[in-house]
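Values quoted throughout were computed directly from the atomic coordinates according to the rules given, and no laboratory measurement underlies them. Here the structure is a predicted model, which is why all the values come from computation and not from measurement. Glycine also receives a Cβ, built like all others from the backbone with ideal geometry; neighbour counts cover every protein chain displayed.
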Amino acid sequence: MSSIEKIPAASKADTLMYNPYYGKELHETLPYALSLYQQGYLEGERVIEGQTNIPFVATWYVSRLPDEKTRCRIQFQGSADLSYEINLENSEFVEYLILLIKNSKKTRQVDFSQKFYRKLLRLDE
């Protein structure tokens, strides 16, 4: 069992503040994503099709409000040369955590979505 499956749900008060930002299909996972967000830390592996997965550590600044900005930093393989940062609204980052949790339940792998990596690497700008 991955550490993702052991995450407790965030409080109802915290969850209510974020509910308006997401469609109903994400509300079930939201309390767990918020709890993960409040930890400010995540270890996972970037899944590379047909190759060895690349371990990463993600850290971010935690604040309570959905429309405040957070800075997320991801470091791959413990190497400063493979370190990336992104600033985004908490509500957007929590949505990426929701997707990560939902995907992790299906695949048993802790990895961000392709959409997150595109944003992190500024591929759509």
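If I ask for residues that are within 20 Å of LEU65 (Cα to Cα), of a type in the set (S, T, N, Q) and in a loop (DSSP other than H, G, I, E, B), which ones from segment 4-54 would you list?
Listed by number, the residues that qualify are SER11, THR29.
What number goes with the only condition from (1) under 11 Å from the mean Cα position of the chain (by Cα); (2) of a type in the set (Phe, Trp, Tyr); (3) surrounded by 13 or more Cβ atoms within 10 Å (Cβ to Cβ) that TYR21 does not pass?
Failed condition: (1).
Please state which of the following conditions TYR32 fails to meet, knowing it meets all the rest: (1) surrounded by 13 or more Cβ atoms within 10 Å (Cβ to Cβ); (2) touching a strand residue (DSSP E or B) at 6+ places or on another chain (Cβ under 8 Å).
Going through (1) surrounded by 13 or more Cβ atoms within 10 Å (Cβ to Cβ); (2) touching a strand residue (DSSP E or B) at 6+ places or on another chain (Cβ under 8 Å) one by one, TYR32 breaks only (2).
Within segment 22-48, how many residues are in contact (Cβ under 8 Å) with a residue 40 or more places away in the chain and within 16 Å of LYS102 (Cβ to Cβ)?
The number of residues fulfilling the criteria is 12.
Considering only residues of segment 106-117 that are over 14 Å from the mean Cα position of the chain (by Cα) and in a helix (DSSP H, G or I), which is farthest from ILE74 (Cα to Cα)?
LYS106
Might you check whether a residue that is under 26 Å from GLU25 (Cβ atoms), in a helix (DSSP H, G or I) and under 11 Å from the mean Cα position of the chain (by Cα) occurs anywhere in segment 62-72?
No, that holds for no residue.
I'd like to verify a number: residues in segment 73-105 that are among the polar types (S, T, N, Q), outside any strand (DSSP E or B) and under 25 Å from MET17 (Cα atoms), how many?
Taking segment 73-105 first, the residues among the polar types (S, T, N, Q) are 75, 77, 79, 83, 87, 90-91, 103-104.
After this cut, where a residue has to be outside any strand (DSSP E or B) as well, the list is 77, 79, 90-91, 103-104.
This time we only want the ones that are under 25 Å from MET17 (Cα atoms), so: 90-91, 103-104.
Residues meeting the conditions: 4.
Considering only segment 90-107, how many residues are out of contact with any helix residue (DSSP H, G or I) (no Cβ under 9 Å at 6 or more places or on another chain) and of a type in the set (D, E, K, R)?
The total comes to 1.
Are any residues in segment 1-21 under 26 Å from PRO55 (Cα atoms), in contact with a helix residue (DSSP H, G or I) (Cβ under 8 Å, 6 or more places away or on another chain) and either among the polar types (S, T, N, Q) or in contact (Cβ under 8 Å) with a residue 40 or more places away in the chain (or both), and if so, which ones? Please lay out each step first, then the result.
Filtering segment 1-21 down to residues under 26 Å from PRO55 (Cα atoms) leaves 1-9.
Pick out the ones that are also in contact with a helix residue (DSSP H, G or I) (Cβ under 8 Å, 6 or more places away or on another chain) and you get 2, 4-5, 7-9.
Of everything in segment 1-21, those that are under 26 Å from PRO55 (Cα atoms), in contact with a helix residue (DSSP H, G or I) (Cβ under 8 Å, 6 or more places away or on another chain) and either among the polar types (S, T, N, Q) or in contact (Cβ under 8 Å) with a residue 40 or more places away in the chain (or both) turn out to be SER2, ILE4, GLU5, ILE7.
Would it be correct to say that LEU42 is under 17 Å from GLU95 (Cβ atoms), in contact with a strand residue (DSSP E or B) (Cβ under 7 Å, 6 or more places away or on another chain) and either surrounded by 13 or more Cβ atoms within 10 Å (Cβ to Cβ) or among the aromatic types (Phe, Trp, Tyr) (or both)? Break it down into steps so the answer makes sense when it comes.
Numbers: under 17 Å from GLU95 (Cβ atoms): yes; in contact with a strand residue (DSSP E or B) (Cβ under 7 Å, 6 or more places away or on another chain): yes; either surrounded by 13 or more Cβ atoms within 10 Å (Cβ to Cβ) or among the aromatic types (Phe, Trp, Tyr) (or both): yes.
In short, yes.
Which is surrounded by fewer than 16 Cβ atoms within 10 Å (Cβ to Cβ) and either in contact with a strand residue (DSSP E or B) (Cβ under 7 Å, 6 or more places away or on another chain) or of a type in the set (Gly, Ala, Ser) (or both), of ALA10, ALA58, ALA80?
ALA80
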